[in-house]
1. I want to confirm something. Restricting to segment 246-275 and keeping residues that are assigned to a helix (DSSP H, G or I) and among the acidic types (Asp, Glu), which single residue is surrounded by the fewest Cβ atoms within 10 Å (Cβ to Cβ)?
2. For Val239, work out the one condition from (1) out of contact with any Asp or Glu (no Cβ under 7 Å at 6 or more places or on another chain); (2) open to solvent by less than 30 Å² (accessible area, probe 1.4 Å); (3) under 22 Å from Thr101 (Cβ atoms) it doesn't fulfil.
3. Among the residues of segment 162-177, which ones are in contact with a helix residue (DSSP H, G or I) (Cβ under 9 Å, 6 or more places away or on another chain) and of a type in the set (D, E, K, R)?
4. Filter segment 57-101 down to the residues that are under 30 Å from Gly248 (Cβ atoms) and in a loop (DSSP other than H, G, I, E, B) and list them by number.
5. Among the residues of segment 114-134, is there at least one that is open to solvent by less than 30 Å² (accessible area, probe 1.4 Å), within 30 Å of Asn87 (Cβ to Cβ) and part of a helix (DSSP H, G or I)?
6. For Ile150, all conditions in the list (1) more than 28 Å from Phe231 (Cβ to Cβ); (2) in a strand (DSSP E or B); (3) β-branched (Val, Ile, Thr) hold save one; what is the number of the exception?
7. Could you list all residues from segment 32-43 that are more than 32 Å from the chain's Cα centre (by Cα) and under 22 Å from Glu75 (Cβ atoms)?
8. Return yes or no: is Leu163 surrounded by 17 or more Cβ atoms within 10 Å (Cβ to Cβ) and under 17 Å from Leu288 (Cβ atoms)?
Amino acid sequence: MSAPEQNGGPTVRRLQLGARLRSLRLAAGITRDKAGYEIRGSESKISRMELGRVAFKERDVTDLLKLYGVSDPREHERLLALAREANSPGWWHSYGDVLTTWFQNYLDLEQAAELIRTYEIQFVPGLLQTDAYARAVIMLGHGTASADEIDRRADLRMARKQLLAREDPPRLWAVIDEAVLRRPIGGKQVLREQIEHLIEACRHRYIRLQVIPFRSGGHAAAGGAFTILRFPHQNLPDVVYIEHLTSGLYLDKREDVDHYAAAMGRLFIEAEPPDRTPDLLREALRALDDD
C-alpha cells in the first residue's frame, strides 16, 4: 500500500504554479495573448496553465519568467521545481487501473488539504470507512467487477485514510445524515463494526463528527452530499467537490464556494453537537440489536 504524499501531488503543484504565474503576469502588466505568443501558444493555453489544467513544460515556464522580468535565480529554481513535481506521478499512480482522471485530481487535493468539511447523506465518508464497509459500498457501484478489482479499490480507499495518521493531519469535520447509521450496507455486522469505528474516530483530536437526526426534518443541504477542501498554500482558493455517478464536479469560484460554505455552516448548527455524537452512535447500535 503506497504512502500518500503529505503536501499533495501533481494537481496541487499545477494549481500552485499556475496561480504564481498568473500573479507574475498581472504584476508585469502583460496580456495572456502576449504571454501565449512568447511560448509559441495561445491565450487559451496561458489561461489553462494559470488554472492548473495542463501539464507544464520547463521551457515554457523559463520563457514566461524571463518575459515577466523575474531575475531572482531562487524564484526560477523554485518554480521550475514545481513544474517538475507537477508532471510527476501522484501517490495513487499504482492504482491507475481502477482510477478515473477526475477522481485522481480529488485524491491530490484531499492529501494537500488542511481542512476537509464534508456532508454525506447515504454513506459513511470515505476517510472514516472500515475495510468491510468500504468493500460493501464499492460492490454497490461495481457489482460486476472481479474480486481482484474489488480488492484494489478497497486497498486504495484504505490508503487514502493514511493522511489521518500523519503527524500533522488535516482537520476532518463531517456531518452525516442519520440514515447513514440505519442503512445496513454490507449487512448488520458490517454496519455494527462501522459504527463502532466511528465511536473510536470521535476520540481523534483532528476529527469532528456530527449527525443530522431524522427529527430535524428538512435542512440546509437537502440537495445532496458535498465536500469543501481548504489548503494551507498561498493563492489556492477553497474547492467544493461534488461526486456524481460517473464524474466529479469541482467548484472554486468565490460565489459558488461561499454558497456551499454557508450551507455547511448551517448544517453544523442544525446537526446535533459533536459531544452528542458518541451517544447517538450508541443509540444506533442498540437499534441494530433490536431489529
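The values are calculated or read from the model by the stated rules, or taken from the named source; none is laboratory data. Values in this document were obtained by computation on a predicted structure and should not be read as measured data. Don't worry about glycine lacking a Cβ; one is built from the backbone with ideal geometry, like all the others, and counts go over all protein chains shown. Just the protein is used for accessible areas: all its heavy atoms, side chains included, with ligands, DNA and RNA removed. Shrake-Rupley method; radii C 1.70, N 1.55, O 1.52, S 1.80 Å.
1. Step by step, filter segment 246-275, then rank; the result is Glu255.
2. Every condition holds for Val239 apart from (1).
3. Passing the criteria: only Asp177.
4. Lys57, Asn87, Ser88, Pro89, Gly90, Leu99, Thr100
5. Scanning segment 114-134, I find at least one residue that is open to solvent by less than 30 Å² (accessible area, probe 1.4 Å), within 30 Å of Asn87 (Cβ to Cβ) and part of a helix (DSSP H, G or I), so the answer is yes.
6. (2)
7. Keep residues of segment 32-43 that are more than 32 Å from the chain's Cα centre (by Cα), which gives 33-34, 37-40.
Result: Lys34, Glu38, Ile39.
8. no
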